[in-house]
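**Student:** Could you have a look at this structure, given as C-alpha cells, before my questions?
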Amino acid sequence: MKLFKKPILLLLFAALQLQGNCWGFFAHQKINYYAVFLLPPQLLTFYKPHIDFLSEHAVDPDKRRYLVAAEGPRHYIDIDHYGTFPYTNLPRQWDSAIAKFGEDTLLAHGIVPWWVQTMEHRLTAAFKEKDAARILKSSAELGHYVADAHVPLHTSSKHNGQLTGQQGIHGFWESRIPELLADKDWDFFIGKAYYIKAPGDFIWKRVLQSAAAADTVLQVERRLSQQFSTDKKFAFEERNGKVVRQYSTGFSKAYDAALHGMVERRMRDAIYAVASLWYTAWVDAGQPDLTQLANQNFSTEDLKEFQSLNDAGRSNSIKGREE
Ligand SMILES: [Zn+2]
C-alpha cells in the first residue's frame, strides 16, 4: 500500500502546483470584475465597457512570473521573517526598510505592500496623462497585487504549508474554495468605493490582517485533516471540464465553514480595496473627464506584450519562487 501511495501523492502535488497561482486565475478575474461595480458614475462610464479586459488581464502579473525574475517578489511578503506581529521591526517606508535591511533582503522576502504603492502611482500618472491604454493596464495589474496582499499565505514564509506537511494548501485556499463557492454562495455587491487618504497605511493594514490570519489557515486545515481519511479528503472531481484529483467538495466545504467565511471576507475586502484604490488614483489625478481620453488603442508593443504573457502563461517554469 505504501509503495502505491507515493506516486499518487506526487501526481497530486504536481496537479496542485499547477493550480496554485495567487488567488487562482478565477478569483483574480472575479475581483477585478466586481470592483468595477463599486465605482462612481464618472469612472463607471469608462470602466464598464472595458470590464472584460480588466478581468482577463487581472492575471497578467502571474503570467509575467514566467518571463521576468524580478516579478516574483511583487506578489508576497514573508513578513514573519521580520520578527513577531505586528512586525514593527520592519519600517513601512521603502527607503527606511532598505536602509535597515538592504534591498537584497527585502527582495528575497517579498515586496507586495510597496509594489502596490508603485502601481498606485503609475495609475495616478496614467489618469493625469488621460491615457486610456495605460489606465486600463495599470488598473488591471494594480487589482492583482492588491488582491494578493489579501491572501494570508502571501504574507507568510509558510506560504505553501511546506514547513508543516500541508503542501497544496495555498491553491486550496485561494483557488479551490473560491471556484467551488464564489459564484453560488457569496455576495460581492458591497457598497461604494471610497477615497483612501493614505494608500500606504491602508495596504499595510491589509497585509497585517492577512498575516494575522495565516496561522489559522494552516491550523484549521491540520485539525480538519485529522477528521477526514485521505480518500474523503481528496476526490476525483470535475474542474474546468476535466476530472482531476483534488480536495473533495466535502472537505472544502467543511474547511470553509471552519474558517467562518474567511475566504469570502478576504475576497470581499480585496474587491473593496481594488475599487477604492482605482478611485483614489483618479481623485489624486484631479478627477479627469474619462469621456475625453487619448490613446484609446493599445500600441503594437502592448499587443506584443499581451501575446508573450499569454504564451508564457502556458509554459511551466516560473522564474524565481513558486508563490
Ligand atoms: Zn500574484
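**Student:** Conditions: (1) within 20 Å of D60 (Cα to Cα); (2) touching a strand residue (DSSP E or B) at 6+ places or on another chain (Cβ under 8 Å); (3) of a type in the set (A, V, I, L, M). L293 meets all but one. Number of the miss?
**Tutor:** (1)
**Student:** Only one residue in Y66, Y82 is closer than 18 Å to D302 by Cα, of a type outside the set (V, I, T) and crowded, with 17+ Cβ neighbours inside 10 Å. Which one?
**Tutor:** Y66
**Student:** Can you tell me which condition I318 does not meet? The list is (1) touching a helix residue (DSSP H, G or I) at 6+ places or on another chain (Cβ under 6 Å); (2) at pLDDT below 95; (3) closer than 21 Å to W23 by Cβ, and all the others hold.
**Tutor:** So the condition that I318 fails would be (1).
**Student:** Which residue is farthest from L123 (Cα to Cα), if the candidates are limited to segment 140-162 and must be open to solvent by 10 Å² or more (accessible area, probe 1.4 Å) and either more than 13 Å from the ligand (Cβ to nearest atom) or aliphatic (A, V, I, L, M) (or both)?
**Tutor:** Q162
**Student:** List, please: which pairs have Cβ atoms under 8 Å, are six or more places apart or on different chains, and start with a residue in segment 186-205 that is closer than 13 Å to V283 by Cβ and open to solvent by 70 Å² or more (accessible area, probe 1.4 Å) and end with one that is in a helix (DSSP H, G or I) and not aliphatic (A, V, I, L, M)?
**Tutor:** Y194/S276; Y194/Y279; Y195/S276; Y195/Y279; Y195/T280
**Student:** Given the residues H75, H50, H28, which is the only one that is within 11 Å of A140 (Cα to Cα), in contact (Cβ under 8 Å) with a residue 24 or more places away in the chain and within 12 Å of the ligand (Cβ to nearest atom)?
**Tutor:** H28
**Student:** Same structure, new question: Somewhere in segment 165-174, is a residue acidic (D, E), open to solvent by 10 Å² or more (accessible area, probe 1.4 Å) and over 21 Å from Y279 (Cα atoms)?
**Tutor:** no
**Student:** Which residues, counting only those in segment 106-115, are open to solvent by 10 Å² or more (accessible area, probe 1.4 Å) and touching a residue at least 40 places away in the same chain (Cβ under 8 Å)?
**Tutor:** H109, W115 - these are the residues of segment 106-115 that are open to solvent by 10 Å² or more (accessible area, probe 1.4 Å) and touching a residue at least 40 places away in the same chain (Cβ under 8 Å).
**Student:** Considering only segment 227-303, give the helices (runs of 4 or more DSSP H) lying wholly within it that have at least 3 residues that are in contact with an Asp or Glu (Cβ under 7 Å, 6 or more places away or on another chain) and either open to solvent by less than 60 Å² (accessible area, probe 1.4 Å) or among the aliphatic types (A, V, I, L, M) (or both).
**Tutor:** Hits in segment 227-303: 262-284.
**Student:** Out of all the residues in segment 116-139, which are surrounded by 24 or more Cβ atoms within 10 Å (Cβ to Cβ) and within 13 Å of the ligand (Cβ to nearest atom)?
**Tutor:** V116, the sole residue that qualifies.
**Student:** Return a yes/no flag: does segment 163-184 have any residue that is under 23 Å from F26 (Cα atoms), more than 14 Å from the chain's Cα centre (by Cα) and within 16 Å of the ligand (Cβ to nearest atom).
**Tutor:** The answer is no; no qualifying residue exists.
**Student:** Now for a separate question. In contact (Cβ under 8 Å) with a residue 24 or more places away in the chain and within 16 Å of the ligand (Cβ to nearest atom): is that true of A270 in this structure?
**Tutor:** yes
**Student:** Just one of (1) at pLDDT below 95; (2) within 16 Å of the ligand (Cβ to nearest atom); (3) open to solvent by less than 10 Å² (accessible area, probe 1.4 Å) trips up A58, so point out which.
**Tutor:** Only one criterion in (1) at pLDDT below 95; (2) within 16 Å of the ligand (Cβ to nearest atom); (3) open to solvent by less than 10 Å² (accessible area, probe 1.4 Å) is unmet by A58, namely (1).
**Student:** Kindly evaluate V36 against the criterion of being modelled with pLDDT of 95 or more, in contact with a Lys or Arg (Cβ under 8 Å, 6 or more places away or on another chain) and either open to solvent by 60 Å² or more (accessible area, probe 1.4 Å) or more than 16 Å from the ligand (Cβ to nearest atom) (or both).
**Tutor:** Considered against the rule, which asks whether it is modelled with pLDDT of 95 or more, in contact with a Lys or Arg (Cβ under 8 Å, 6 or more places away or on another chain) and either open to solvent by 60 Å² or more (accessible area, probe 1.4 Å) or more than 16 Å from the ligand (Cβ to nearest atom) (or both), V36 comes out as yes.
The values are calculated or read from the model by the stated rules, or taken from the named source; none is laboratory data. The shown structure was predicted, so the numbers you read here are calculated from the model rather than taken from an experiment. Neighbour counts run over all protein chains shown; Cβ positions are idealised from the backbone, glycine included. Surface accessibility is based on the protein's heavy atoms, side chains included, excluding ligands, DNA and RNA. Shrake-Rupley method; radii C 1.70, N 1.55, O 1.52, S 1.80 Å.
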